[in-house]
1. Using beta carbons and a limit of 7 Å, which pairs, at least six apart or on different chains, have the first residue in segment 21-38 and without any contact (Cβ under 8 Å) to a residue 24 or more places away in the chain and the second one in a loop (DSSP other than H, G, I, E, B) and open to solvent by 60 Å² or more (accessible area, probe 1.4 Å)?
2. Which of the residues belonging to segment 31-51 are touching a strand residue (DSSP E or B) at 6+ places or on another chain (Cβ under 9 Å) and closer than 22 Å to Ala65 by Cβ?
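The values are calculated or read from the model by the stated rules, or taken from the named source; none is laboratory data. Not measured: the values here are computed from a predicted model. Neighbour counts are summed over all protein chains in view; Cβ atoms, including those assigned to glycine, are modelled from backbone coordinates with ideal geometry. Heads up: the accessible areas ignore ligands, DNA and RNA and are worked out on the full protein's heavy atoms, side chains in. Shrake-Rupley method; radii C 1.70, N 1.55, O 1.52, S 1.80 Å.
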Amino acid sequence: MLRLRDIVNSDPDILGGTPVFVGTRVPIQSLFDYLEGGDPLDEFLRQFPSVRRDQAIAALDLARATLLAGARPS
C-alpha cells in the first residue's frame, strides 16, 4: 500500500502548490475531473502516462477512506 507521500505532493514551486501526483506535474484534481466526465481510469492514465496506475488507485482509495471516515457517526 502506498503512503500519502508516495501519492501526492504539494510544492509552491510546482504549479503554485497545487496538489500533484508525486514525480509529475499532473494535478490530482485531473483524475477526479476525468472520472466525473465519464472517462475510465485507463483513459486518464493514457492521457497522463507519468502517473502510475498504483498512484491513481491509491488516490481513489484515500479519497474513499476519507469520505467514509467522515460519514461515520461519532
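1. Pairs found: Pro27/Pro19.
2. If we filter segment 31-51 for residues that are touching a strand residue (DSSP E or B) at 6+ places or on another chain (Cβ under 9 Å), which is where we start, we get 31, 33, 48, 50-51.
If the condition is that a residue be touching a strand residue (DSSP E or B) at 6+ places or on another chain (Cβ under 9 Å) and closer than 22 Å to Ala65 by Cβ, then Leu31, Asp33, Val51 are the ones that fit.
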